[in-house]
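The values are calculated or read from the model by the stated rules, or taken from the named source; none is laboratory data. In this text, all values refer to a predicted model and were calculated from it rather than measured experimentally. Here Cβ is always computed from backbone atoms with ideal geometry, including for glycine, and neighbour counts include all displayed protein chains.
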Amino acid sequence: MTGTPGLDLFSGPDAPSETDLYKCVHCGFCLPACPTYLLTGLEAESPRGRIALMKAVNEERIEATPDVIDHWDLCIQCRACEVACPSGVPYGKLIEATMAQVAPRRKTGMLPKLAGNLLLKQILPHQRRLGLVTGGLRMFQRTGAQALVRKTRLLKMISPNLASLADSAPTVPANTFKASGQVIPAQGPKRARVALLSGCVMPLVHGPQMDAVTRVLARNGCEVVVTREQSCCGAINSHVGDLDLARDLARQNVDAFMAEEFDAVIVASAGCGARMKEYGHLLRRDHEYADRAGALAAKVKDVHEFLAELPLLPPKGRLEARVTYQDSCHLANAQRITDAPRELLRTIPALELVEMEGATQCCGAGGTYTVTQREFSLRLLDARMEVITATGAQIVATANPGCILQLDYGARLQGAGLVVRYVTDLLDEAYRAE
């Protein structure tokens, strides 16, 4: 780069790799896989279009103006294009690096900037602080204040998007899941000793579901250790371009999970698993942590992947239900795990698994995408709900907390009694019915 004023966006160690940028040959195989391209039909909202913009900025042919940045922002980072790409373009790394370049140069209002920094830097990475926020939300829901706000339609008058976000907020359970160094003993002969990532949002809004994960692992002969020193995985921070904080969180997890010997580090959230499996790349320039980060990444296992490989002890309890499975993007596309969740569901007696059309297409959750790109998020959700309804399923199962929250909101809007569950919830229910 020549450093021309206004054009030297891509610079420094976190700049998009030119080797990766120029792997794209603009063949177009990514187009039918990209949710934003399918919604808009616009080249600039496709992976190859966004890469073309990256190349143009890198070659100083255009500036990274707000209009250009908007095209990158509209990307949901589902990584479906990676699966479709015959040239092996690592789009996930490219968009992550691009967002890191964009982040410090964004021109946002003072209030949105302060709110974003507060949430992503001061609350989300700190479990106690995040717990206070979710505790406040629970009180807001339990005291009837939420119902009153909905009845007055006050939020809708202020902002329809804000009202929609408030309506989609999950019901916070009374019991949360804490990483306090607890050890859950194996049931029967011990087959493995594993660590479990607690995460940030999932243990607070899906505490009972995390308990179900530990029961399923224990039922399959695993001693489960929930290390106290662990932290948020850093996925959301990575997606919005804050790689420095993502690296700090990764280092905490490397220290926490590499301090003891485990057969595997189990992750029940697809997005977290994808982030942790790429810790080696994230910390590749850190001489102190690079090797250990790679070693940890090699031990990380998605819970479905791990149980299928163990292999799972088939439950004997019956679960008479028609179930469909929605692939979580970061499980199917980033980790390339699609068969394992379905294999586990098929072990449950009386459960009927029916496939939906295009099960790997994004539901529109995408971490912060539901906030920053509300309209597109809901359009993607509407498309998914239509396909799910067509299966006639009573239950839709998936593998990521963001997907659970998004699909649950869709089910509530639809009002048809559809239930949204984790695969591990259904396994746990079948074991407990034995």
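The table below lists the values:
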{"item": "Top-ranked residue in segment 222-237 [being in a helix (DSSP H, G or I) and not polar (S, T, N, Q); ranked as nearest to residue 191 (Cα to Cα)]", "result": "235"}
{"item": "Search result, residues across segment 377-402 that are of a type outside the set (Ser, Thr, Tyr) and either closer than 20 Å to residue 343 by Cα or in the same structural domain as residue 76 (by TED's automatic domain parsing) (or both)", "result": "388, 393, 394, 395, 396, 397, 399, 400"}
{"item": "Helices (runs of 4 or more DSSP H) completely within segment 135-209 that count 1 or more residues being modelled with pLDDT of 90 or more", "result": "202-205"}
{"item": "Qualifying positions in segment 413-434 - surrounded by fewer than 19 Cβ atoms within 10 Å (Cβ to Cβ), without any contact (Cβ under 8 Å) to a residue 40 or more places away in the chain and touching a helix residue (DSSP H, G or I) at 6+ places or on another chain (Cβ under 9 Å)", "result": "413, 414, 416, 417, 419"}
{"item": "Qualifying residue in segment 391-408 (condition: among the hydroxyl-bearing types (Ser, Thr, Tyr), surrounded by 15 or more Cβ atoms within 10 Å (Cβ to Cβ) and part of a helix (DSSP H, G or I))", "result": "no"}
{"item": "Tabulated pairs, segment 351-368, first of a type in the set (D, E, K, R), second outside any loop (DSSP other than H, G, I, E, B), C-beta under 8 angstrom, 6+ apart or interchain", "result": "352/321; 352/322; 352/323; 355/324; 355/325; 357/387; 357/390"}
{"item": "Number of the condition not met by residue 178 [criteria: (1) buried (at least 16 other Cβ atoms within 10 Å of the Cβ); (2) on the phi > 0 side of the Ramachandran plot]", "result": "(2)"}
{"item": "Failed condition for residue 370, given (1) within 19 Å of residue 398 (Cβ to Cβ); (2) outside any loop (DSSP other than H, G, I, E, B); (3) at pLDDT 95 or above", "result": "(3)"}
{"item": "Verdict on residue 386 being more than 14 Å from the chain's Cα centre (by Cα) and modelled with pLDDT of 95 or more", "result": "yes"}
{"item": "Residue tally, condition assigned to a loop (DSSP other than H, G, I, E, B) and either of a type in the set (Gly, Ala, Ser) or in contact with a helix residue (DSSP H, G or I) (Cβ under 7 Å, 6 or more places away or on another chain) (or both), over segment 239-285", "result": "11"}
{"item": "Given (1) touching a Gly at 6+ places or on another chain (Cβ under 9 Å); (2) under 28 Å from residue 249 (Cβ atoms), number of the condition residue 48 does not satisfy", "result": "(2)"}
